Amino acid sequence: MLDRTSQLTTRYVRTPEAARLLGLSPRTLEKYRCHGNGPTFRKLGGRVVYAIGDLEAWADQAACSSTSDPRYVEARAAGNAHR
């Protein structure tokens, strides 16, 4: 069962602020939504919103310690998948 308290304290941001937090353009996030390789989002009414925790989790998946890190190749491939 979901914790109601954590649901109420979750902060949501719209695409422009989410893009600013990630250092991306809003258009890039829109493309990621269409292709399914971006952060988890929610559609509330007619608005797309992102939970701050989902943005952080998505960014953490691309964390690498060097260019020889095996995850580096995967992270680059995910970022270039739909160019």
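The values are calculated or read from the model by the stated rules, or taken from the named source; none is laboratory data. Since we're looking at a predicted model, the values are computed, not measured. Glycine gets a Cβ as well: all are built from the backbone with ideal geometry, and neighbour counts include every protein chain shown. To get the accessible areas, we keep the full protein, side chains included, count just its heavy atoms, and leave off ligands, DNA and RNA. Shrake-Rupley method; radii C 1.70, N 1.55, O 1.52, S 1.80 Å.
Taking V73 as the residue in question, decide whether it is β-branched (V, I, T) and either in a strand (DSSP E or B) or modelled with pLDDT of 95 or more (or both). No, not satisfied. Considering the conditions (1) at pLDDT below 95; (2) open to solvent by 50 Å² or more (accessible area, probe 1.4 Å), G79 is excluded by exactly one of them, (2). Can you pull out every residue in the stretch 17-46 that is in a helix (DSSP H, G or I), touching a His at 6+ places or on another chain (Cβ under 9 Å) and closer than 14 Å to W58 by Cα? Of everything in the stretch 17-46, just one residue is in a helix (DSSP H, G or I), touching a His at 6+ places or on another chain (Cβ under 9 Å) and closer than 14 Å to W58 by Cα, namely Y32.
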